1. Provide a single number: the residues in the range 355-386 that are farther than 16 Å from LEU313 by Cα, without any contact (Cβ under 8 Å) to a residue 60 or more places away in the chain and of a type in the set (A, V, I, L, M).
2. Give the residues of the range 152-172 that are farther than 24 Å from ALA339 by Cα and touching a Ser or Thr at 6+ places or on another chain (Cβ under 8 Å), sorted by residue number.
3. So which residues in the range 355-386 are closer than 18 Å to ASP282 by Cα and part of a loop (DSSP other than H, G, I, E, B)?
4. Select, from THR200, THR240, the only residue that is more than 16 Å from the ligand (Cβ to nearest atom) and in contact with a Ser or Thr (Cβ under 8 Å, 6 or more places away or on another chain).
5. Look at the range 230-245 and say how many of its residues are out of contact with any strand residue (DSSP E or B) (no Cβ under 6 Å at 6 or more places or on another chain) and either at negative phi or buried (at least 21 other Cβ atoms within 10 Å of the Cβ) (or both).
6. I'm told MET199 meets every condition in (1) open to solvent by 30 Å² or more (accessible area, probe 1.4 Å); (2) over 23 Å from GLY36 (Cβ atoms); (3) in contact with a helix residue (DSSP H, G or I) (Cβ under 9 Å, 6 or more places away or on another chain) except one. Can you identify the failing condition by its number?
7. Could you look through the range 138-150, keep only residues that are in a loop (DSSP other than H, G, I, E, B), hydrophobic (A, V, I, L, M, F, W, C) and open to solvent by less than 10 Å² (accessible area, probe 1.4 Å), and pick out the one that is nearest to the ligand (Cβ to nearest atom)?
8. Considering every residue within the range 170-181, establish whether at least one is hydrophobic (A, V, I, L, M, F, W, C) and within 13 Å of the ligand (Cβ to nearest atom).
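The values are calculated or read from the model by the stated rules, or taken from the named source; none is laboratory data. Small disclaimer: the values here were computed from a predicted structure and weren't measured. Using ideal geometry, Cβ is built from the backbone for each residue, glycine included, and neighbour counts are taken over all protein chains shown. When the accessible area is computed, the model is the full protein with side chains, heavy atoms only, and any ligands, DNA or RNA have been set aside. Shrake-Rupley method; radii C 1.70, N 1.55, O 1.52, S 1.80 Å.
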Amino acid sequence: MTGNNMSSVYLDHNATTALDSQVLEAMLPWMKAQAGNPTSRHVFGRTARTAIEHARAQVAEACGAYPSQVIFTASGTEANNFAVKGITANQAATQILYSAIEHPCVSRPAISLGQYGFKSQAISVNGQGELDAAHLAALLEKPSNLVSVMLANNETGVIQGIPGIAEQVKRSGASMHTDAVQALGKIPLSFTDLNVHAMTISSHKIHGPQGAAALVLDKRVDIQPLLHGGGQEKGLRSGTENIAAIVGFGVACELAVANLNSFASHTRALREQFEQGLKALDVTIFSNEVARIPNTSFFAVNGIEGETLVMALDRKGFAVASGSACSSDSTEPSHVLLAMGVNQDLARGAVRISFGGHNTVQQVSNFLDTLKNEISRLKQLTGIAA
Ligand code: PLP
């Protein structure tokens, strides 16, 4: 592998994951040999089409949907933009609601639609990061086009009660989308049971390749195409398919389903070990009183910048994230923590650990030792009493 420090321990699986070797094996023929264009009628084209439809069935199976509901995109960001812009495109502009803790690839497209007269409004969350149902109910008293609430948050890991929220939204006549990018492979996922109109998933969070993701869509949803052209993906997302990435996504989904229970119990045990160890240190663990995806722990040390701690830990061989890893060029405190009412100073200290199936008990205990040393070293440097 190039570009990676092999001696470092990777604890940032919510940002991205390594390609599984079985996924790579399945992808290689599509990159090495002559592949056909899936729209071509000859044998090369038909073979490519079959591979894509097989992957579509694997993806559908992993998220409790029908293959006909899966629209492939190139990223979760693209699928979220597609949902927000495509679903609202044919509607008379009213308002678009999104939870205050959404990934920017949901909130920013919603805000951008202000230019076409759509109002956008964030729905509050409580101190643990759960959606404020009363605030949603109050907002839904006005006509709304779309509500988007993520199934699992990328920073805190908090899982929302989507079926109940979807029911509330559907009763109001609005469309309901959920971003399930951080849920796939970590908790059981069923598009049908979630009862939403649209759902986003992404391949590179589950040991699949970058360049493949999907918007899962209820057929009754009136959505405008994202890309016009040759009519691929039911005319909703034209463009020659990225066959290797889609094939890899399919295999990654199959593996994620097969490994779900072991992943959940293994990473939950590592997190318990980790958070037990954190208790000896003077830290705040966020959202630990509510349901979370099993692999995620988000905490802060008062008085120490998260960025500083992340860099110190990196030098000691541990790769972790501060605030939101998806917008790590930003030095603003986490918008998720601010929405939860955490004060700016503590929010600036936030550090996220996201375990993967290959992390070990030994790594967690080494990490705790290093964390303890780095915290006391940084506290001495900054003059905070250790
Ligand atoms: N939604 C959530 C919750 C995420 O965590 C991410 C990426 O980190 C995305 C969407 C964007 O997905 P992608 O990286 O496939 O564009």
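1. 2
2. SER172
3. Those that are closer than 18 Å to ASP282 by Cα and part of a loop (DSSP other than H, G, I, E, B): GLY383, ILE384, ALA385, ALA386.
4. Step by step, each of THR200, THR240 is checked, and only THR240 is more than 16 Å from the ligand (Cβ to nearest atom) and in contact with a Ser or Thr (Cβ under 8 Å, 6 or more places away or on another chain).
5. Start the filter on the range 230-245 by keeping residues that are out of contact with any strand residue (DSSP E or B) (no Cβ under 6 Å at 6 or more places or on another chain), which leaves 230-232, 234-235, 240-245.
Still in the running and either at negative phi or buried (at least 21 other Cβ atoms within 10 Å of the Cβ) (or both): 230, 232, 240-245.
Number satisfying all stated conditions: 8.
6. Exception for MET199: condition (1).
7. MET150
8. As a first pass, look at the range 170-181 and keep what is hydrophobic (A, V, I, L, M, F, W, C): 174, 176, 180-181.
Pick out the ones that are also within 13 Å of the ligand (Cβ to nearest atom) and you get 180-181.
Checked against the condition, which is being hydrophobic (A, V, I, L, M, F, W, C) and within 13 Å of the ligand (Cβ to nearest atom), the range 170-181 yields at least one hit.
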